[in-house]
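A short write-up of the structure that comes next.
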RNA sequence: GGAGAGUUGGCUGAGUGGUCGAAAGCGCCUCCCUGCUAAGGAGGUAUAUGGGUAACUGUAUCGAGGGUUCGAAUCCCUCACUCUCCGCCA
């Protein structure tokens, strides 16, 4: 959520800044809501002040046994008028709140212009890619079964078995150990979340269709960012406890509404996938560095797995609703001869902390914290990358990356 | 699932219809005293938000939301959460 005071004073420049995200701020609507709000609020509050006075006069008169007929009349007039004005004000406040909740975060000034991922800016790349097109993970192993999953649940699910299932688990363990080494405290969190939490991190109210909703009105998490960030919902954090670094491994559930026909084959885009998430809650002055650090934490995992990747900075059109600045890490997939997103690391500045009310107690004042998060990493896609990049066509085996060997009792997976 | 108790400021905890944003204590801050420390004394110390250039000032907030009332921390209803007991259960 943007600072409403800031919005009042800088509507035009905010509108300009948001255009790069493809969002058109409706200043007229905002101004008319604000003007109505202001005049009605002033009226309501002065009527409330009057009520207070009249009520206490009434009480005193009653106590002295004085006649209260005239006072009663005044009170009735006040009460009717107050009710009328309150009824006018209430929906305006609701609308204003709604309006604010649907405005995206301001993009960082460094954000490249562009409308889709083709305009993302390549920052760096790491590792050598094998130029030769390779088999895809479904072709390589039969221990990933999407047809079986379709019988169990439907499309966009998978069943893993045997050594692939173990490799999948080893990746999770490896990633959590990496996070631990980098100073992130591990959490185990609910995979079901309420509206308040989802509003805090920005999935609601605008992106409900991306989520699986339960019959009791709650939702399955689409990322561990939601529970991890909301660990600090409505909290004031002592300056000494900053920066906070937390991690969790969770399944993520996404409806993938609107992505029909996209990435339909294999594990790339699933309704359910595992992810290790890294979250930091930091002082505003540290957030830029914290994002760099978190990005590096995620990159290191790929380096240790010896998987080639590139880092891109998202352009305005590709930048998420809540994010101010995002770097995606994209891993090389030989079957697609493309880099594919495997981690998304973002600085949300004070956007989430305003919504979730996460504050830092500075020496003598309270300020909104900055929140940073990123995948470290998406496990399913890492599994694909390992399978495809470590496949030995001659021997028809998947070699186990050195970094994972201590988690497994085998060095290769025959196919 | 059943029965009961509870939720008040940074903390402990009083307050069952008005003078209560809320006693008292602790903690914290400023000052005074005392040649260190400790003890003692005086004052201050919630949050959000509106109006105003400002000084200043209005309003809201006692778990959340409704209601009763001229007036609600206090009475009523609904919900959430915590605790105790019973049942069930990994």
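Readers should treat all values here as calculations from the given coordinates under stated rules, not as data from a laboratory. Quick caveat: nothing in here was measured; it's all calculated off a predicted structure. Cβ atoms come from the backbone with ideal geometry, glycine included; neighbour counts cover every protein chain shown.
Assuming 0.36 nm per residue, please report the length gained on full extension of the stretch residue A:28 to residue A:207 beyond their Cα-Cα distance.
Details: separation 179, 0.36 × 179 = 64.44 nm, distance 2.43 nm.
Length gained between residue A:28 and residue A:207: 62.0 nm.
Looking at the square roots a ≥ b ≥ c of the eigenvalues of the Cα gyration tensor of segment A:172-265, which shape do they give, rounded for a/c under 1.5, prolate if a/b is larger than b/c, or oblate?
Numbers: a/c = 2.44, a/b = 1.40, b/c = 1.75.
Oblate, since a/c reaches 1.5 and b/c is not below a/b.
For the modelled label position 7 Å from the Cα of residue A:366 along Cα-to-Cβ, which residues of segment A:220-241 have backbone nitrogen atoms closer than 18 Å?
Counting only backbone N, you get A:230-241.
Roughly what would the spin-label model give for residue A:147 and residue A:188, points 7 Å off Cα along C-beta, in nm?
Computed distance between label sites residue A:147 and residue A:188 equals 3.7 nm.
Work out, step by step, the length gained on full extension between residue A:74 and residue A:395: first 0.36 nm times the residue separation, then minus their alpha carbon distance; give nm to one decimal. Write out the running numbers ahead of the final one.
Values: separation 321, 0.36 × 321 = 115.56 nm, distance 9.42 nm.
Gain on extension, residue A:74 to residue A:395, equals 106.1 nm.
Determine the calculated [θ] at 222 nm for chain A from helices alone, applying -39500 (n - 2.57) to every DSSP H run no shorter than 4 residues and normalising by the residue count; nearest 500 deg cm²/dmol. Each step should come with its number before you reach the end.
Values: 11 runs with 166 residues, N = 415.
Estimated from H runs of four or more residues: -13000 deg cm²/dmol.
Name the most mobile residue of A:173, A:280, A:352, meaning the one with the largest mean-square fluctuation, in a Gaussian network model of chain A with Cα contacts below 10 Å.
Taking springs between Cα atoms under 10 Å, the residue moving most is A:173.
Distance from the Cα centre of segment A:48-112 to that of segment A:146-210, in angstrom?
Between the Cα centre of segment A:48-112 and that of segment A:146-210, the gap is 46 Å.
For A:126, A:332, which order do you get if you count the other beta carbons within 10 Å of each Cβ and list the fewest first? Show your work: numbers first, answer last.
Values: A:126 15, A:332 24.
With the fewest neighbours first, A:126, A:332 line up as A:126, A:332.
What distance in nm separates the simple spin-label points at residue A:53 and residue A:19, each placed 7 Å from Cα in the Cβ direction?
Label at residue A:53, label at residue A:19, 5.0 nm between them.
What do you get for the angle between helix A:4-19 and the principal long axis of chain A? Use alpha-carbon atoms, 0 to 90 degrees, nearest ten.
So the helix axis and the longest Cα principal axis differ by about 40 degrees.
Need one word for segment A:80-147: rounded, prolate or oblate. Basis is the Cα gyration tensor (sqrt eigenvalues a ≥ b ≥ c); a/c below 1.5 gives rounded, then a/b vs b/c decides. Could the numbers behind the result be given before it?
Values: a/c = 6.59, a/b = 2.32, b/c = 2.84.
Oblate, because a/c is 1.5 or more while a/b does not exceed b/c.
Relative contact order for segment A:117-414 using alpha-carbon pairs under 8 Å, separation at least 6, rounded to a whole percent?
On the way: 634 pairs, mean separation 72.2, N = 298.
With pairs under 8 Å counted, the relative contact order is 24 percent.
Could you order peptides A:58-65, A:366-373 by the average number of other Cβ atoms within 10 Å of their residues, highest first? Walk me through the numbers on the way to the answer.
Values: A:58-65: 10.9, A:366-373: 24.1.
In descending order of packing, they fall as A:366-373, A:58-65.
Take the alpha carbon gyration tensor of segment A:212-326, find the square roots of its eigenvalues, order them as a ≥ b ≥ c, and report rounded if a/c is under 1.5; if not, report prolate when a/b exceeds b/c, else oblate. Present the calculation step by step, with values, prior to reporting the outcome.
Values: a/c = 1.79, a/b = 1.21, b/c = 1.47.
Oblate is the answer for segment A:212-326, as a/c is 1.5 or above yet b/c matches or exceeds a/b.
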